[in-house]
Amino acid sequence: MQRAPTPRENAAAFVATAELRAALERAAMAVTLAPGDSLFLQGDDADALYLLDQGEIAISVLAPSGRKLGLEIITEGEIFGEIGLFTGRRTASATALGVVRLRQVRRPDLLALIRPEPDLALELIELLCARLRVMSERHEDRAFLPLSTRLARLLLRLQLKIGKADGSLPVSQAELADFTGATREGVAKTLAIWRGQGWIRPGRGTLRILDRAALEAVAASPDD
């Protein structure tokens, strides 16, 4: 079986290189968002991509049932919005988690940048392919993997992306349910088992990983 990319590899795939960042900044416009502000909504027309300078952005979609499903949390240095830029329509919504500062590059300005610099165009293509691969993996996880595996993979990924200096994750059980496509009750039951095994320590709106190796073993297993 081919090894799945690690959370660190997936996170690194969307961080702009120095060359791409410098090129984007030449054509970018600064944008600031307040906590809870929507940058764009699923289904909106799209004509820009973004480079996140400060803060965190939650990416989510609405299922046909109306339920929100979390896809990703974008962190500092990452590029996002490239799928909508090339398709012309937003496939997900982006919401600020706290104060956010970012750069916006519109499609005409981006095309003017990459036409004379094919290496930058190739990097954007690689970025787009990586995003599509990760999104496909997330959908496959929801469809085929048990909750314990999905939840372990999510916690490991969040620890790398939004983990605090004290080792805690600022995430609620409801948010974990949104990101895993599970019920809150199912998430709570799994966390209670892991707490009893000494792997995690849940708090009010937070969670601390105590045994990363144990979670990595669960994340690597396709079975309950």
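The values are calculated or read from the model by the stated rules, or taken from the named source; none is laboratory data. These numbers come from a predicted model, not from an experiment. Please note: Cβ atoms are built from the backbone with ideal geometry, for glycine as well, and neighbour counts cover all protein chains shown. Protein only, heavy atoms only, side chains kept; ligands, DNA and RNA dropped before computing areas. Shrake-Rupley method; radii C 1.70, N 1.55, O 1.52, S 1.80 Å.
Within segment 81-104, how many residues are without any contact (Cβ under 8 Å) to a residue 40 or more places away in the chain and among the basic types (K, R)? So the answer is 0. For E175, the stated conditions do not hold, so it cannot be described as assigned to a helix (DSSP H, G or I), acidic (D, E) and surrounded by fewer than 19 Cβ atoms within 10 Å (Cβ to Cβ).
E25 - would you say it is in contact (Cβ under 8 Å) with a residue 24 or more places away in the chain, part of a helix (DSSP H, G or I) and under 27 Å from L111 (Cβ atoms)? In short, yes.
Does I114 satisfy being over 18 Å from A213 (Cβ atoms), in contact with a strand residue (DSSP E or B) (Cβ under 8 Å, 6 or more places away or on another chain) and either in contact (Cβ under 8 Å) with a residue 40 or more places away in the chain or open to solvent by less than 80 Å² (accessible area, probe 1.4 Å) (or both)? When the stated conditions are applied, I114 does not pass them. Taken across segment 93-115, residues that are outside any helix (DSSP H, G or I), polar (S, T, N, Q), within 18 Å of the chain's Cα centre (by Cα) and closer than 30 Å to L156 by Cβ do occur, with at least one present. Note on segment 39-74: among residues that are open to solvent by 20 Å² or more (accessible area, probe 1.4 Å), part of a loop (DSSP other than H, G, I, E, B) and not acidic (D, E), the one that is nearest to R26 (Cα to Cα) is L41.
Note on segment 180-217: residues that are part of a helix (DSSP H, G or I), open to solvent by less than 60 Å² (accessible area, probe 1.4 Å) and closer than 19 Å to K164 by Cα amount to 1. Taken together, the residues in segment 143-170 that are surrounded by fewer than 18 Cβ atoms within 10 Å (Cβ to Cβ), without any contact (Cβ under 8 Å) to a residue 60 or more places away in the chain and aliphatic (A, V, I, L, M) amount to 2.
If you go through segment 99-111 and keep only what is open to solvent by 60 Å² or more (accessible area, probe 1.4 Å) and either at pLDDT 95 or above or within 11 Å of A28 (Cβ to Cβ) (or both), you end up with V99, R101, R103, R106, D109. L20 fulfils the conditions (1) at pLDDT 90 or above; (2) open to solvent by less than 70 Å² (accessible area, probe 1.4 Å) except for a single criterion, (1). Of all the listed residues (D109, D44, D119, D53), the sole one being touching a residue at least 24 places away in the same chain (Cβ under 8 Å) and touching a strand residue (DSSP E or B) at 6+ places or on another chain (Cβ under 6 Å) is D53.
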